[in-house]
Amino acid sequence: MMQGNQIVGAWRRKGAWAVAAWSLYGCGGATDSPGDGKLAARADAGAVAPDGVALPAGQTQADCNPLVGGHCLSGVPSAFFETLQPDGSVRLDLPAQWLPRTSAGVALQPEPWNERDGWSPVMPIVVLLPRSLDPGKLADETRPLDSLAHASPSVLVDVKTGKRIAHVAEIDKNAADAGRRALILRPHRPIPFGTEVGVALLRNLQDTGGQPYARTPAMERILGGLTTGHVRIDLQQHRWTALFNALAKAGVPKEDVLAAWPYRVASAQWVTGPAQAAKLAIDAAHGKTTGNRYVIEEIEVAAAYKPQFASVPAAGPALKVTVGAMHPDIALRLRGRFKMPLVLDGTGSAAMLPAGGKITVQQTVERPFVVLVPPSVLAAEGPAPVVVYGHGFLRGACVEGCVTVHEAEYMPRMGNALGAVVVGTDWWGLSSGEIGVAATVALDFNGLRRITDKLVQAVQQPRILADVARADLAKDAMLQRAGKAGPEPLIDASRAPVYCGNSLGGILGTTAVALGGFSRAVLNVPGSTWSTMLNRSSNFAEFSQIVASAYPDPFERQVLYALSQSMWDLSDPIHFASAAVTSTQHALWAVALHDSQVPNLASAALQRAAGVPVLTPAPGPWWQDGPQAPSLGFVGPHAFVVWDTKRGAHPYGNALPYPDNGAHLATRWMPEFQQMIWRVLLGDGRIEQRYCLAGGRDGDDKLPCDIVQAIPKAASEVPALPVIPPPAVP
């Protein structure tokens, strides 16, 4: 990912669209004051429902959730917003009149959710209580397992078994108005597909004045076994009966309940199904592709290395050729496009996958690629392995690989350190060319699928590019060395490709690796669960201002983030992490302690989902309830490793960590880290954490590695190449 000021710079480079978007909503700064005209328009003094919920003028209480709080969406997800099907399954049934509207009056359309058979397995539960809540008793991110204790004022249970479900409970810190701060319950692990979940808030919750909350009349009637007059509840009374039985098994009697409701988690078909179906369709179509599967559009050769290439073609109408000074880590750079089977509608501009239907290849689309050949490949004997690289948030393979002589970027440095040919493409949906799309989505969440559907296509691209590189590019005349007996290939087509990604490349890279095609992987500074990351990433600072201007009610913003998780699910690594383990021989996930851009809470969730150990000692509270293993003596093929770059911590909670502390970028520049990834990707695969102890740079000569690493601003500041293979460590 990139820092907030880099995003602003990117906006400016993109032109006037940002100004237009900003002025459209009069963004002089959003306010959460209840007296603000935009907010008042959504919560005016209309009719008052029997249960005390203030309704906008002209609306009735029929579709207004009467169970808890002061908003008709308070307590979402909920069975109140589901309809039962004859076979016992559910369909979501969000009422259009209560969904968030933009300041310009554009309503969120419910159809993309209402076709689903349940809610996201990691979707947060969002509640607005009538008065500001005292968070003191909540099981926050520093003690999530306290949510399993008898004293926890929030309870999640598996209705079938009565077993409690661990979760993080927190108050939204982004709301200036305390009366609009949502209570957010985030599942500690993905809840299994199809699970009937029960939510209960207990009567030991208190407001900031120390006063308890009262049950709503509808909740009193449900607890008494009576009908409520709400058809959405009364037709499903048996689900509440089952919930109260489950709560009793969990040690929660009815008299302790302030509010309770069930909801259903979606099936695998709606979560991981689209990506898996897209993989099958794309692989089948790619296998039938004939003719040229790529085209090279630009060749750049470092003048000093030109004699070492078998041939350098002349420029032509469709080919640009440059020979001259290059970045010190690049001897040859190729830019072009490769053919990619397309499962999106049209050309991907609308980017809508078939709604619940069969996923098929619509046509073939050309996607960009970059190839970097470093000097170390030319210095070695024989062909080199291929490393597929994954770029960061709203960047691109060419943004990180098409650097000038003086720029400092990790992609070329990695290739030179590994002695590998590096290829990369863009994450379609979250690359630099789509910054404008991301901003328009922030203005109107109806467009979210323009990002999330594209990501289902994007996570397929590294695998296809790897195949094109080994099967096709390896034979290209431009990727041949001038050997004594004639041209020699620079790419080892017999060796399985490996993957290395940073930031978004660690996030989406986990999903891409899970879909197969890579024998080894390094996923640097990764995370998961977008509904968690959006509120905790410094990258989102500027976007959050746009969202706040378009959706001035902070509670409704949290509803939007929660609902968005169902769209992110289709490529979110939280659902694919375990498959990334089974599909690779070796995989390393490297985490930066107190990362401003990818929060440790999201990285630890990914680790639990992967089911692989974090090497200990692992500082911080996030690693509770996950597998652990001692760093010294660890011989497993898959692990998470935490590095401390001594950049300082941010306060706990969901407030945006701004300004960025630099931890996210520092680790990749450590020679010790580069030694580690060489061994994982190209060596014996063993994951070691102790290289930092060998060179004397570790701050206290103890694990975890704590090194203050400068982030280079120019190529001349980049640390020297590491010793490969790494030195022995006693």
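Brief remarks on what is shown
- Within segment 109-133, the set of residues being among the aliphatic types (A, V, I, L, M), in a strand (DSSP E or B) and out of contact with any helix residue (DSSP H, G or I) (no Cβ under 6 Å at 6 or more places or on another chain) comprises ILE125, VAL127, LEU133.
- Scan of segment 287-325 for residues that are in a loop (DSSP other than H, G, I, E, B) and closer than 24 Å to ALA482 by Cβ, ordered by number: ALA310, SER311, VAL312, PRO313, ALA314, ALA315, ALA325
- Residue that is farthest from CYS705 (Cα to Cα), among those in segment 647-671 that are in a helix (DSSP H, G or I) and touching a Ser or Thr at 6+ places or on another chain (Cβ under 7 Å): HIS664
- Top-ranked residue of segment 47-77 - restricted to ones that are surrounded by 24 or more Cβ atoms within 10 Å (Cβ to Cβ) and small (Gly, Ala, Ser), ranked as modelled with the lowest pLDDT: GLY69
- Among the residues listed as GLY136, GLY179, GLY194, GLY198, the single one being part of a loop (DSSP other than H, G, I, E, B) and not assigned by TED's automatic domain parsing to the domain that holds ASP625: GLY194
- Put simply, of LEU523, LEU490 the only residue that is outside the structural domain of VAL421 (by TED's automatic domain parsing) and modelled with pLDDT of 95 or more is LEU523.
- For ALA104, the criteria (1) modelled with pLDDT of 95 or more; (2) not in a loop (DSSP other than H, G, I, E, B) hold in every case but one, which is (2).
- Flag if GLN674 is more than 30 Å from VAL547 (Cβ to Cβ) and assigned to a helix (DSSP H, G or I): yes
- One residue from PRO630, PRO617 being surrounded by fewer than 22 Cβ atoms within 10 Å (Cβ to Cβ) and within 27 Å of the chain's Cα centre (by Cα): PRO617
- From the options ALA458, ALA474, ALA514, residue that is more than 21 Å from LEU656 (Cβ to Cβ) and surrounded by fewer than 24 Cβ atoms within 10 Å (Cβ to Cβ): ALA474
- The residues in segment 99-117 that are of a type in the set (A, V, I, L, M, F, W, C), closer than 14 Å to LEU448 by Cα and crowded, with 19+ Cβ neighbours inside 10 Å can be counted, and the count is 2.
- Checking each residue in segment 516-562 for being among the aliphatic types (A, V, I, L, M), within 26 Å of THR645 (Cα to Cα) and under 14 Å from the mean Cα position of the chain (by Cα) picks out LEU523, VAL525, MET533, LEU534.
Each row is one residue, and each column tells you yes or no for (1) assigned by TED's automatic domain parsing to the domain that holds PRO613; (2) touching a Pro at 6+ places or on another chain (Cβ under 7 Å); (3) closer than 30 Å to PRO497 by Cα.
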residue	(1), (2), (3)
GLY685	yes, yes, yes
CYS692	yes, no, yes
ASP700	yes, no, no
GLN709	yes, no, yes
PRO712	yes, no, yes
ALA715	yes, yes, yes
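- Filtered residue count, segment 290-311, keeping only those that are crowded, with 16+ Cβ neighbours inside 10 Å, touching a residue at least 40 places away in the same chain (Cβ under 8 Å) and not small (Gly, Ala, Ser): 7
- Qualifying residue in segment 697-704 (condition: among the small types (Gly, Ala, Ser), outside any helix (DSSP H, G or I) and modelled with pLDDT of 90 or more): no
- Selection status of VAL157, under 19 Å from TYR561 (Cα atoms) and in contact (Cβ under 8 Å) with a residue 60 or more places away in the chain: no
- Counting only helices (runs of 4 or more DSSP H) wholly contained in segment 401-490, the ones carrying 1 or more residues that are of a type in the set (Phe, Trp, Tyr) and over 19 Å from the mean Cα position of the chain (by Cα) occupy 410-418.
- Residue pairs whose Cβ atoms lie under 8 Å apart, sitting 6 or more positions apart in sequence or on different chains, and linking a residue in segment 454-477 that is not assigned by TED's automatic domain parsing to the domain that holds PRO489 to a partner that is of a type in the set (Lys, Arg), do not occur here.
- In the condition set (1) without any contact (Cβ under 8 Å) to a residue 40 or more places away in the chain; (2) in contact with a strand residue (DSSP E or B) (Cβ under 9 Å, 6 or more places away or on another chain); (3) not hydrophobic (A, V, I, L, M, F, W, C), TYR652 is compliant with all but (1).
- Candidate set from segment 673-730 (those that are within 31 Å of the chain's Cα centre (by Cα) and β-branched (Val, Ile, Thr)); member that is surrounded by the fewest Cβ atoms within 10 Å (Cβ to Cβ): VAL708
- When SER578, SER531, SER564 are screened for being assigned to a helix (DSSP H, G or I) and buried (at least 23 other Cβ atoms within 10 Å of the Cβ), only SER531 passes.
- Residues that are in contact with a Gly (Cβ under 6 Å, 6 or more places away or on another chain) and over 20 Å from ASP660 (Cβ atoms), drawn from segment 517-541: LEU523
- Count of residues meeting criterion [without any contact (Cβ under 8 Å) to a residue 60 or more places away in the chain, exposed (fewer than 13 other Cβ atoms within 10 Å of the Cβ) and either polar (S, T, N, Q) or not in a loop (DSSP other than H, G, I, E, B) (or both)] in segment 201-225: 1
- Within segment 402-431, the set of residues being of a type in the set (Gly, Ala, Ser), farther than 15 Å from VAL522 by Cβ and crowded, with 21+ Cβ neighbours inside 10 Å comprises GLY429, SER431.
Matching residues to (1) in contact (Cβ under 8 Å) with a residue 60 or more places away in the chain; (2) within 30 Å of ALA176 (Cα to Cα); (3) not hydrophobic (A, V, I, L, M, F, W, C):
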site: ASP660; (1), (2), (3): yes, yes, yes
site: TRP669; (1), (2), (3): yes, no, no
site: VAL680; (1), (2), (3): yes, no, no
site: GLY685; (1), (2), (3): yes, no, yes
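- Members of segment 272-315 that are under 22 Å from VAL373 (Cα atoms) and either in contact with a His (Cβ under 7 Å, 6 or more places away or on another chain) or charged (D, E, K, R) (or both): ARG293, GLU297, GLU298, GLU300, LYS306
- Any hit, segment 176-194, residues being surrounded by fewer than 19 Cβ atoms within 10 Å (Cβ to Cβ), under 30 Å from PRO657 (Cα atoms), modelled with pLDDT of 95 or more and not aromatic (Phe, Trp, Tyr): yes
The values are calculated or read from the model by the stated rules, or taken from the named source; none is laboratory data. In this text the structure is predicted, and so the values were computed from the model without any measurement. Quick reminder, even Gly has a Cβ in these numbers, built from the backbone with ideal geometry, and neighbours come from all protein chains shown.
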